[in-house]
Each structure stands twice: as structure tokens, then as C-alpha cells.
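Visitor: Submitted below is the structure of interest, expressed as C-alpha cells.
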Amino acid sequence: MPLYNRRPELPPTLPPPPLGLTELLARVRQALQQQLADSYWVVAEVAELTVPRFAGAHCYLTLTEQGTDSRGMPMKAQARATLWSQRYQQLAPAFERATGQSLRAGLKLLLRVQVRFHEQYGLSLDVVAIDPSYTVGELALLRLKTLRLLEEKGLLERQKRLVLPLAPQRLAVISSPTAAGFQDFVQQLDEAPYDFALTLFPAMMQGDDAPASIRAALDGVRARRGQFDAVIIIRGGGSRADLVAFDEYGLAAAVGAFPLPVLTGIGHERDEAVVDLTAHRALKTPTAVAAFLVERLARLEAAILGLGEQIVGTARRQLSQRHARLGQLGSQSRYAAHRQLDAARAALLERTRQAIQHPREQLQQLGASLGRFRHQLPRAARRTLAREQRGLRQRDRVLLKRFARHHRRRRETLLRRRYQLQLALERHLHRAELRLYRFQSAVDNEQLTVGRNRPKPNP
């Protein structure tokens, strides 16, 4: 016997009749409508975006998200979405006002969507609302991440440590040549009483290509950095969306690491771009940059003029002090001279008195001596006269002998000098005759040369 009862054989069932594709897709659409809520908040990244090209057109998006499947494998979810014309005209301006930038590819959005399925077009999402606060938070996180990375690499303060020259006049300007901000900057400097040498490095100042264009201009300045005192990055005013390029990490890092001081005048009033934080100095507008440069030169000129006035004042004070000191020394010299003159006069009077009194005393003594020798004088005079006569005769004989010898030597000397003078005169006359002869020969030769070079008269 079998261990179990046999199953009763069931009558064969017929397979369900096949469905048409239209009917199947209609059932899918009906099931989605029954199972899904009216709308959902969805977080997704905009992979592609088609902006309406004319009024009344719709905006088409491709939303993506990186995720994993049930087996843990990476998977990329993707769906088409549509912003109908009327909603786009409401949501897009509100999003730009709140976030500072327009809807574009690469943004991460929080959207309220309705799931739609159509038999012909398949699954799609209708966007009915956008929460800009989520995107603002994402942008703030991205900005904070950029700032932290710049701070870790020391690029937020490197430009601040550079020394801006006292008189920056050789300027490398990075701007669009047709921008109104650049024209205002140039006009402001032209109206200043100082001379500025501007070299423009053209670059795109807005759009997705702006960071790369500005970095290329910085590379051009770097190659000629010895010719400039500072770099100026300027652009006119614009919406917050136009200034997103200046929050790019690569551009901010290039500015922070640049070897010359970088001044920015990006034309915004409310928020600071990341480039402003890495630059040496950030000003609000291009005209503010020009005013800063002019004011810096004006302060330098005022400081130089002030130092000149201080030097002149100090020199005048020192000169006045020296004049006063010189006058004081002159007065002291005159007083000392008067004192010395008075002392000399007193000494002279004393010496005069002594000189008068001493001869009188000597005269009295001589008178007394003269009285004593009065009687001895005739006899002494006779003896002295006889002695002197003998000596005089002896001296006469000696003088006659000396005179004869001296006269003979003088005569020989005179004859010798006469001969030398005659000889010198003859030599001088001979040299004069030679010079005269040479001069006459030169004159004759010149006349002969002139005569030969004179043109002969025509016959």
C-alpha cells in the first residue's frame, strides 16, 4: 500500500487571457493612484535641467540620487520631473531670492512632487513646491566646508600677512573689459591727482566658466608679478546668483596662495564671498577699491608733507636756538674782552707808573755817581783817549788790509758774473734766432702751400 493517499487529480485550469499593453499600463496607473498619496517631499539632486526658452514653456528636470539596493550594491535612482509653466514662474524667482542662485544642475533640492504615470510617456514627477531653506542649508554647509579646508591649508590668512606697498600704483586688474564696474574703476582713478599704471587681464566674471577664467588671468599675472604692486579683482553689481562663482574653492585657494596682495571689489553689499575672505583686503564695489587706492596715496602724500613740515619746523627751531646760543656766546665774549681790556689797562698804568718811578731813582743814583766821578773823568778821559787812539790806528791798518783783500775778491766775482751773463745772453740770442728761423721757414712753407692750392685764373 502507498504510504500516503494520492491527491485527487484536479481538472486542468486554463491560463488567464493575455492583456494588451495599454490595459496593463492602465492597471499600473490605477494601482499607483490607489496606493500612493497625493504628494510626497523628496530629496534629490538635479542632474539635468532644461530652462523654458519662451513664455509659457515648461521646465524639465532629471532627478537623481545615489543609493544601494537590497544586496548593498551601489545604485543610482533616476526620474524625470516637470515644472509646469505657471508653477515655474512662481517657484523659480522665489527660490532665487531665497538662495541667491537660480535653479541649475548640480543643486540638491527638497521638492514636493506628485507621482504621475502615463501609458505613453511612462513614470514622471510633477513638481508642485520647492523648499529653498533646504538648499540654503546645503549651500551653507558647502561654504563652511570650503572655509574649513582653506583654513586647514592656511589660505585664509596668508594674503593678510603680505605687505601692501605704501603707494600701490602698478596694478594688475582682472575684470571684464566691457563691465560698467571696470569703467567706473578706471574713471575714478583718472580723476585722481595721482598716476596709476593699469594692466587689464580680461576674464569672465559670472557663469560656470568664471572661476577657471579668473584663475587663468591670475596665472598670467603670476608670470609677470615683478611688474606689479597689487592685483585688483573687480566686477559690477549683480544678483546673488551671479556671485556664486566667487565661492568656488579652487578660485579662493588661488587667491589665498597668490604672491602679490589681492584687492577685491566684487560689487555686493550684503554677503562676503569666499574670495573676499582669502583676499588681502575686500571692498564693496570697484569704485570703493579705487577710492581706497587714492586715499592711500593721499595719506602717504599728507604724511610726507607733514614730515617735511616737521623737518622745516625742527630746522627753524634749531636754527633759532643756535642763533640765540651764538648771541649769548657773543655777549659773553664781549664781556670777557672788556674785562681783559680793563685788566690790561690797569696793568699798563701800573707798569707805566713803575717805569716812570724807576728811571727817576736810577737818575738820582747816576747823578750821585756822576758827582763822585766828576774829578776822575778828565784824567780817565785822557788815558782812554790815548788808548783808543792807539787802538784806532791799529784797526785802520787791519781794515786797510781786509779792504784790499775784499776788493780783490769782489772784483773777481764781478768779472766771473759778467762772463756768465754774457755767455747766457749769447745762448738766449742763439735760441731766439733758431726759433725765428723755424718760424720763418714755417711761414714760407705755408705761403708756398697756399700758392700751390690757389686756383689758377681762367684764361
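Visitor: Can you tell me, using C-alpha contacts under 8 Å and at least 6 residues apart, the relative contact order of the chain as a whole percent?
Guide: Numbers: 517 pairs, mean separation 44.7, N = 459.
In percent, rounded to a whole number, it is 10.
Visitor: Once the other residues with Cβ under 15 Å from the Cβ of GLN34 are scored (Lys, Arg +1; Asp, Glu -1), what is the net sum? Intermediate results must be reported in sequence, preceding the final value.
Guide: Working: positive: ARG27, ARG29, ARG116; negative: ASP38.
Once positives and negatives cancel, what remains is +2.
Visitor: Which is the longest part of the chain that has none of the GluC sites (Glu not before Pro) sitting in a DSSP loop with at most 12 other Cβ atoms within 10 Å? Provide the component values of the computation, followed by the final result.
Guide: Values: sites that count: GLU9, GLU157, GLU191, GLU269.
It runs 270-459.
Visitor: In nm, to one decimal, how far is the modelled label at VAL128 from the one at ASP195, with both set 7 Å along Cα→Cβ?
Guide: 7.1
Visitor: If you don't mind, there's one more thing I want to ask. Run the numbers on segment 30-77 and let me know its relative contact order in percent, using alpha-carbon pairs under 8 Å that are six or more apart.
Guide: Details: 45 pairs, mean separation 12.2, N = 48.
Result for segment 30-77 is 25 percent.
Visitor: What net charge is computed for the residues neighbouring THR62, neighbours being all others with C-beta under 9 Å from the C-beta of THR62, Lys and Arg scored +1, Asp and Glu -1? If you can, show how the numbers build up before the last one.
Guide: Details: positive: ARG80; negative: GLU48.
Around THR62, the charge tally is 0.
Visitor: Take every DSSP beta bridge with both residues inside the chain and express the antiparallel ones as a percent of the total, to the nearest 5. All intermediate terms of the calculation are to be shown ahead of the outcome.
Guide: Values: 29 of 48 bridges.
Beta bridges within the chain, antiparallel portion: roughly 60 percent.
Visitor: I've got another one for you. Which value, in debye to the nearest 20, gives the size of the charge dipole of the chain about its Cα centre, when Lys and Arg are +1 and Asp and Glu are -1 at the Cβ?
Guide: Values: 70 positive and 43 negative charges, 2028 e Å.
That gives a dipole near 9740 debye.
Visitor: If amide H atoms are built 1.01 Å from N in the plane of the peptide, which residues on other chains or at least 5 residues away come under 5 Å of the amide H of ILE174?
Guide: HN-HN under 5 Å from ILE174: PHE201, ILE232, ILE233, ILE234.
Visitor: Then there's this: Enumerate the amide H contacts of ALA44 below 5 Å, restricted to partners 5 or more residues apart or on another chain; note that Pro and chain-start residues carry no placed amide H.
Guide: Correct list: LEU109, LEU111.
Visitor: A further question on this structure: Rounded to the nearest whole Å², what accessible area per residue is found for the chain with the 1.4 Å probe? Intermediate results must be reported in sequence, preceding the final value.
Guide: On the way: 33510 Å² over 459 residues.
So the chain comes to 73 Å² accessible per residue, rounded to a whole number.
Visitor: Further question on the same structure: Summing +1 for each Lys or Arg and -1 for each Asp or Glu, what net charge is found among the other residues whose Cβ lies under 11 Å from the Cβ of PHE228? Display every interim value, and only then the final one.
Guide: Details: positive: ARG170, ARG222, ARG224, ARG225; negative: ASP229.
Around PHE228, the surrounding residues sum to +3.
Visitor: For segment 315-409, state the semi-axes of the equivalent ellipsoid (square roots of 5 times the eigenvalues of the alpha-carbon gyration tensor), sorted largest first and rounded to whole angstrom. Please list the in-between numbers first.
Guide: Numbers: eigenvalues 834, 199, 3 Å².
Sorted largest first and rounded, they come to 65, 32, 4 Å.
Visitor: When the Kirkwood hydrodynamic radius is evaluated over all pairs of different C-alpha atoms of segment 75-233, what value in angstrom, to one decimal, is obtained? Walk me through the intermediate numbers first.
Guide: On the way: mean 1/r = 0.0495 Å⁻¹.
Kirkwood hydrodynamic radius for segment 75-233: 20.2 Å.
Visitor: If you don't mind, another one. Can you tally the lysine pairs in the chain where the Cα-Cα distance is under 30 Å and the two residues are eight or more apart, or on different chains?
Guide: Lysine pairs meeting both conditions in the chain amount to 10.
Visitor: For segment 200-308, what size does the Cα cloud have along each of its three principal axes, sorted from largest down, in whole Å?
Guide: Result, largest extent first: 53, 33, 21 Å.
Visitor: While we're looking at this one, here's another question. Candidates (1) 70, 50, 47; (2) 68, 60, 38; (3) 215, 103, 67; which is the computed Cα extents along the principal axes in Å?
Guide: (3)
Visitor: Using only the Cα atoms of segment 379-459, construct the convex hull and provide its projected area averaged over every direction, in square nanometres to one decimal.
Guide: Working: hull surface 41.9 nm².
Taking a quarter of the hull surface, the average projection is 10.5 nm².
Visitor: Rounded to the nearest percent, how much of the accessible area of segment 219-337 (1.4 Å probe, protein heavy atoms only) is carbon and sulfur?
Guide: 56
Visitor: Within segment 21-110, which chymotrypsin sites (Phe, Trp or Tyr not before Pro) sit in a loop by DSSP and count at most 10 neighbouring Cβ atoms inside 10 Å? Before the final figure, lay out each step's value.
Guide: On the way: sites: TYR40, TRP41, PHE54, TYR60, TRP84, TYR88, PHE95; in loops: PHE54, TRP84.
Loop-located and lightly packed - PHE54.
Visitor: Can I ask one more? Taking the alpha-carbon centroid of each part, what is the distance from segment 64-109 to segment 366-412 in angstrom?
Guide: Each part reduced to its Cα centre gives a spacing of 152 Å.
Visitor: With a cap of 14 neighbouring Cβ atoms within 10 Å, and only residues DSSP puts in a loop, list the chymotrypsin sites (Phe, Trp or Tyr not before Pro) found in segment 152-255. Mind dumping the intermediate values first?
Guide: Values: sites: PHE182, PHE185, TYR194, PHE196, PHE228, PHE246, TYR249; in loops: TYR194, PHE196, PHE228.
Filter output for segment 152-255: TYR194.
Visitor: Please report, as a whole percent, how much of the solvent-accessible surface of segment 34-112 comes from carbon and sulfur atoms (probe radius 1.4 Å). Intermediate values should be presented prior to the final figure.
Guide: Numbers: 2560 of 5130 Å².
It is 50 percent, rounded to a whole number.
Visitor: Exposed loop sites here are trypsin sites (Lys or Arg not before Pro) in DSSP loop states with at most 12 other C-beta atoms within 10 Å. What is the longest stretch of the chain lacking them?
Guide: Values: sites that count: ARG6, ARG53, ARG71, ARG104, LYS153, ARG224, ARG270, ARG374.
Excluding the exposed sites themselves, the longest stretch runs over 271-373.
The values are calculated or read from the model by the stated rules, or taken from the named source; none is laboratory data. Just so you know, these numbers come straight off a predicted model, no measurement behind them. Glycine gets a Cβ as well: all are built from the backbone with ideal geometry, and neighbour counts include every protein chain shown. Protein only, heavy atoms only, side chains kept; ligands, DNA and RNA dropped before computing areas. Shrake-Rupley method; radii C 1.70, N 1.55, O 1.52, S 1.80 Å.
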